Each structure stands twice: as C-alpha cells, then as structure tokens.
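Presented below is the structure to which this report refers.
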Amino acid sequence: MKKTIKYFYWIGIFVLLFGLSACSVPQPKTEDTINAEKHTADFFAMDTYITMTVYDAQETSVLEIAKKRVLELEEKLNAEDDDSEIATLNHNRNAVLSQDAYQVLEKALVYWQTTEGAFNPAIHPLMALWGFPTGKTRVPTEQEVKTALALARPDKIVLTDEMASIQQPGVQIDLGGIAKGYTSSELIKLFRQNDIKSGLVNLGGNVQSIGCKPDGSPWKVGIQHPDREKDYLGILETQNEAVITSGGYERFFEENGATYHHIIDSSTGYPADNGLISVTIVSPDGTLADALSTALYVMGEEKALAYWQKSADDFEMILLTQDGRLLVTREIAARFETDMKKEIIEKTA
Ligand code: AMP
Ligand code: MG
C-alpha cells in the first residue's frame with residue numbers, strides 16, 4: 001500500500017471511529033432521528049479514499065448520486081486527466097467552462113489575491129517540474145526552478161462570461177489545493193437538497209459534515225499527526241462544518257537524505273518551508289477551508305496569524321509549528337481535545 005494511501009486509510013478510520021462516540025450536547029429527538037439508519041459508501045477517486053456517511057429513515061439513493069457527483073467533478077477539475085476541462089484549458093489556452101470549473105477557478109483567483117499569492121492556482125508548471133503529478137519525482141536544478149517559476153502566473157488567467165483563457169504560453173492551472181473542498185461543499189449541498197439531516201463526507205482527511213449525529217451529538221474528527229502515522233494531533237467536535245488539513249507529510253519524496261513535499265511556495269519555487277507542518281482550517285465553507293489550508297501552510301505562522309486576524313469570522317484554525325507548538329483559535333479550543341499543550345489564539349481587535 002502506498003504511504004499516502006495508508007495515511008488516508010488511518011484518517012478514515014479515525015473519523016469513523018470517533019464519529020460514533022457519545023453525545024456532549026444532547027438534542028431533542030425527532031421522528032427522523034429516531035428512525036435514522038446509517039448508510040455508507042467508500043470508493044477511491046480524486047487520488048484518495050473517499051467515505052460518505054448519511055443517516056436517513058429509508059434506503060436512500062443519495063449516496064449513488066453523490067458518488068456520481070464526485071466523479072463528475074473529478075472529470076472537470078483534474079488537470080492530470082487529459083479530457084478534463086482544466087486540462088483542455090491548459091492545452092488549448094482557451095475553453096468554455098462548466099459552471100463548476102468556472103466557479104472553482106474564479107474562487108481560486110480570488111484566494112490568490114486575498115492571500116497575496118500564497119494560494120497559487122497556476123502552480124502546475126512547478127508541480128510538473130518536481131514530478132508530483134506523474135510520480136516521477138526529482139529535485140530540479142535552480143535554473144529549472146527559475147524557468148518554471150516564471151510560468152506560475154495566475155495574472156495570465158482571464159475569465160470572461162463562461163470562457164477562460166490563458167494569455168501566456170506555458171502557464172498552466174492546478175486546482176488540487178481547492179478542488180476537494182469544493183467537492184465536499186457540493187456533496188453537503190446535495191445532501192441538503194435530498195433532505196438529509198445528518199451526514200459526513202471524508203475525502204482523504206478533508207472532512208465536512210451536515211448537522212450532527214442522529215443522537216444529537218457532534219461529529220468527532222481526528223486530525224492526523226504529521227509524524228506518527230497511526231496517531232492523531234487531537235479530536236475536534238464539529239457540526240455543519242468543513243475540517244480541512246494541509247501538511248507536507250501528505251505527499252513527499254526523499255532524495256539524498258532531504259524531504260521534498262507537494263505544497264510549493266510560489267515565491268521560491270521550492271516546497272514551502274516557513275515553519276508550519278500542519279494547518280487545519282475549520283469553516284462552514286469547504287472551498288474556503290481547502291484554499292486557506294494550503295495558503296496558510298505556505299505563509300507560515302506569522303503571516304497565517306495576521307491573515308486570520310484581519311479576516312472576518314468565517315474560519316478557525318489549528319496550526320502545528322516545526323518547533324512543536326500547537327496553536328488553536330479561541331472559538332474551537334474548547335472542542336478540540338488533545339494531549340498536547342494548546343496555545344490559544346485570540347482576536348486582537
Ligand atoms: P492541499 O492538500 O489542499 O494543501 O493541496 C495540495 C495540492 O495543491 C498540491 O498537490 C498541488 O496540486 C496544489 N498546490 C501546491 N502548492 C500550491 C500553492 N502554493 N497554491 C495552490 N495550490 C497548490
Ligand atoms: Mg487545500
């Protein structure tokens with residue numbers, strides 16, 4: 001079993017195990033919750049293990065529809081699938097996009113601006129250079145990094161009506177840092193449209209829930225420990241939220257004793273090395289949580305904290321630093337259980 005797959009397997013186990021534990025805030029039971037039965041689906045897509053759980057009174061086809069939706073989004077957004085809309089855009093430099101691809105790209109460009117380039121949807125030339133998409137990983141020369149860096153230019157991506165164009169040859173889009181969060185948000189939307197009151201999706205550790213468990217208690221999500229494969233940093237109680245983590249430990253290779261991971265700092269062209277080893281973003285908006293988990297990982301502690309301070313109240317976070325400190329924002333601190341010492345982050349203004 002590949003190392004990354006093994007991680008996702010354990011993350012899945014943690015979520016499922018802790019998703020079944022006791023209630024901290026009991027809610028009144030309704031007929032729906034009393035009769036709710038558990039339905040699950042597991043499959044491999046988007047390069048990861050996906051598990052979906054819903055509680056519903058009857059046998060439900062919603063999981064079949066949800067699975068089709070994941071595959072549909074993968075086909076639209078995956079730059080490595082030659083037939084996808086994003087691959088077509090990368091190849092032809094012009095494409096008419098579906099609403100999904102357009103929206104994700106539009107949001108990705110917004111996060112590129114708000115994060116001052118830390119989230120970079122034009123990272124594909126660098127990802128390709130380091131060999132992550134093909135698995136043929138290697139450390140490039142400085143000159144190669146410089147050449148690819150000159151192509152990591154989101155300002156060359158232009159959106160008009162449903163059309164997208166790339167205005168410089170060689171600039172290529174990679175939505176790998178945001179697509180799973182968009183997908184989890186879309187699945188939750190689908191559950192809602194199908195009147196599901198309780199459910200959880202887990203896309204390789206990117207988790208989003210609808211409601212709480214049928215007994216009224218919150219879901220419990222284990223956050224993967226970056227260094228200890230079968231262990232977790234802590235457990236977060238959550239409901240109606242996305243809990244999305246980025247870390248270099250998720251995908252990496254080793255060469256000559258050094259480790260190189262898959263989140264690239266587009267100010268240098270090298271794997272981000274700014275003092276953080278894991279960033280978890282908690283938000284009702286899965287797309288936001290995914291984009292920001294990647295971006296804040298690239299930013300490092302100081303800039304990540306400054307970004308959180310100046311943002312409105314739409315996300316919370318858990319940061320693990322290279323020197324072993326665990327920073328947790330105030331709003332989620334009480335519902336994040338961990339053996340480690342928590343440094344609580346407060347809003348200053
Ligand atoms: P995540 O696990 O959400 O942090 O996403 C990591 C993936 O995002 C990588 O595998 C790349 O596909 C893509 N990526 C890498 N670096 C960046 C970056 N600086 N900005 C946006 N996406 C990135
Ligand atoms: Mg992300």
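The values are calculated or read from the model by the stated rules, or taken from the named source; none is laboratory data. Because the structure is predicted, anything quoted here is derived from the model rather than measured. With ideal geometry, Cβ positions are generated from the backbone for all residues, glycine too; neighbour counts draw on all protein chains shown.
Within segment 155-182, count every residue that is within 13 Å of ligand 1 (Cβ to nearest atom) and small (G, A, S). Qualifying residue count, segment 155-182: 4.
Within segment 126-150, count every residue that is within 13 Å of ligand 1 (Cβ to nearest atom), outside any loop (DSSP other than H, G, I, E, B) and within 23 Å of G300 (Cβ to Cβ).
Number satisfying all stated conditions: 6.
Within segment 301-319, the residues that satisfy the criterion of being under 17 Å from the mean Cα position of the chain (by Cα) and farther than 20 Å from G234 by Cα are A304, D314. Every listed requirement among (1) surrounded by 13 or more Cβ atoms within 10 Å (Cβ to Cβ); (2) closer than 20 Å to I264 by Cα is met by R138 save one, (1). Residues in segment 261-278 that are of a type in the set (V, I, T) and more than 10 Å from ligand 1 (Cβ to nearest atom) were compared, and the one that is nearest to L327 (Cα to Cα) is I277. Does segment 172-188 contain at least one residue that is away from ligand 2 (no atom under 16 Å from the Cβ), more than 30 Å from N256 (Cα to Cα), touching a residue at least 60 places away in the same chain (Cβ under 8 Å) and assigned to a helix (DSSP H, G or I)? Yes, some residue in segment 172-188 is away from ligand 2 (no atom under 16 Å from the Cβ), more than 30 Å from N256 (Cα to Cα), touching a residue at least 60 places away in the same chain (Cβ under 8 Å) and assigned to a helix (DSSP H, G or I). Y55 meets the conditions (1) surrounded by 14 or more Cβ atoms within 10 Å (Cβ to Cβ); (2) at pLDDT 95 or above in every case but one. The failed one is (2). Pairing residues of segment 250-261 that are farther than 20 Å from H225 by Cα with residues that are basic (K, R), at Cβ distances under 6 Å and at least 6 apart in sequence or on separate chains, gives no pairs at all.
Only one entry of L276, L236, L320 meets the criterion of being over 26 Å from I123 (Cα atoms) and surrounded by 19 or more Cβ atoms within 10 Å (Cβ to Cβ), and that entry is L236. Within segment 206-223, the only residue that satisfies the criterion of being within 15 Å of ligand 2 (Cβ to nearest atom) and in contact with a Phe, Trp or Tyr (Cβ under 6 Å, 6 or more places away or on another chain) is I223.
Can you tell me which residue in segment 201-221 is farthest from the chain's Cα centre (by Cα), limited to those that are over 22 Å from G177 (Cβ atoms) and buried (at least 24 other Cβ atoms within 10 Å of the Cβ)? The selected residue is K213. In this structure, S246 qualifies as within 15 Å of ligand 2 (Cβ to nearest atom) and within 20 Å of the chain's Cα centre (by Cα).
If only one of R335, R325 is free of Cβ contacts under 8 Å to residues at least 40 places away in the same chain and either away from ligand 2 (no atom under 16 Å from the Cβ) or farther than 24 Å from T183 by Cβ (or both), which one is it? Only one candidate qualifies: R325.
You will find that of S278, S283, S266, the residue that is within 16 Å of ligand 2 (Cβ to nearest atom), under 20 Å from V145 (Cα atoms) and either in contact (Cβ under 8 Å) with a residue 12 or more places away in the chain or of a type outside the set (A, V, I, L, M, F, W, C) (or both) is S266 and no other. Assessment of segment 323-331 against the conditions (of a type in the set (S, T, Y), in contact with a strand residue (DSSP E or B) (Cβ under 7 Å, 6 or more places away or on another chain) and crowded, with 19+ Cβ neighbours inside 10 Å) yields at least one matching residue.
Scanning segment 294-309 for residues that are without any contact (Cβ under 8 Å) to a residue 60 or more places away in the chain and surrounded by 24 or more Cβ atoms within 10 Å (Cβ to Cβ) yields Y297, A304.
The single condition from (1) of a type in the set (S, T, N, Q); (2) exposed (fewer than 14 other Cβ atoms within 10 Å of the Cβ); (3) at pLDDT below 75 that T60 fails is (2).
Rundown of residues vs (1) modelled with pLDDT of 95 or more; (2) among the polar types (S, T, N, Q); (3) closer than 18 Å to I277 by Cβ; (4) out of contact with any His (no Cβ under 9 Å at 6 or more places or on another chain), yes/no style:
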residue: V298; (1), (2), (3), (4): yes, no, yes, yes
residue: K303; (1), (2), (3), (4): yes, no, yes, yes
residue: Q309; (1), (2), (3), (4): yes, yes, no, yes
residue: E316; (1), (2), (3), (4): yes, no, no, yes
residue: L327; (1), (2), (3), (4): yes, no, yes, yes
residue: I332; (1), (2), (3), (4): yes, no, no, yes
residue: F336; (1), (2), (3), (4): yes, no, yes, yes
